[in-house]
Amino acid sequence: MRLKKRSGIGLAVCLAIVPASSAGAEAAGGKYEGSPYFIDGDSGGLSESAIDFNDLDAAIDEIRNDSRLSLSEKSRRIDKINLLRPENMPGGSGYAATQSLPNAASLCMVPVFTQETAYYCGPATVKQTLTYINGSAPSQSVIEGEIGTTSAGSVLQYMLDYINEEQDENIYVIVHQPSEQAIQTMVYNAVLHSAPAICRVAFSASFPDGSWKYSTNGHYMNANGYSGYGAEILVTDPNIINVDPNETGYCWVTLTELHAATQNHFAKEMAY
């Protein structure tokens, strides 16, 4: 397993969501062994590099004192942290009505790669992220080896080390205990800089009026758009087609639901 570090940043607007083609979904509609209604693909603990949203100044001081980082890496990480300060959060009027990451044809698409096993949400989310940014990415099985995925799942820190090594458009950081407004801001900046956010979530399908169709103690997916001026978030879920082959891989959840799913996970982390 390699631990890597590198850097990066990058834009876009769109109003329509279209289904993923069969060519765009790896193993689309295929069911892995076991029930797709409950998965657990997160094997990690708290991320070593996670930024405490409630103490951004301390996080910046730690980065400045980190001798392992170049001056460029320090500057770019600090810039990402400063976007989360209240004065830099766009707020209601700062959002377009609907925005999400497009592809070259201006369609709302982070490519869907359906996870090939019950614990491959990490490799699939990494593949979705890198394919959007770079235009291509290795197979899920290759990514599994690079990020150290086991049958217990994947570690967010290793996922981001690999993503930061494999592209130069955006440097990803992990935020601990983000508020609803912070998540809203992270998705806003994911769209603005053409770099899908990565959600680390736990949720249940037991709520009768909720958006989740299955349950999980630990799952990864992308967040890559918003509507209603940030009240709803567009996620690209590598597991949803395993649950329902009629799904496209793109799902709208409320900001409140995504925040609750983040807080319901023991690590309470999101990356952007």
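The values are calculated or read from the model by the stated rules, or taken from the named source; none is laboratory data. Keep in mind that this is a model prediction, so the values were computed, not measured. Neighbour counts run over all protein chains shown; Cβ positions are idealised from the backbone, glycine included.
Descriptive notes on the structure:
- For the stretch 157-180, residues that are under 15 Å from the mean Cα position of the chain (by Cα) and farther than 26 Å from ALA231 by Cβ total 9.
- For the stretch 181-205, a tally of residues being over 16 Å from the mean Cα position of the chain (by Cα) and in a strand (DSSP E or B) returns 0.
- Number of positions in the stretch 46-77 that are closer than 17 Å to LEU160 by Cβ, in a helix (DSSP H, G or I) and touching a helix residue (DSSP H, G or I) at 6+ places or on another chain (Cβ under 9 Å): 6
- Meets criteria (part of a helix (DSSP H, G or I) and closer than 19 Å to PHE113 by Cα) for ILE143: yes
- Within the span defined as the stretch 162-171, one or more residues are surrounded by fewer than 21 Cβ atoms within 10 Å (Cβ to Cβ), acidic (Asp, Glu), at negative phi and assigned to a loop (DSSP other than H, G, I, E, B).
- Of the set (1) modelled with pLDDT under 95; (2) in contact with an Asp or Glu (Cβ under 7 Å, 6 or more places away or on another chain), all apply to LEU156 but (1).
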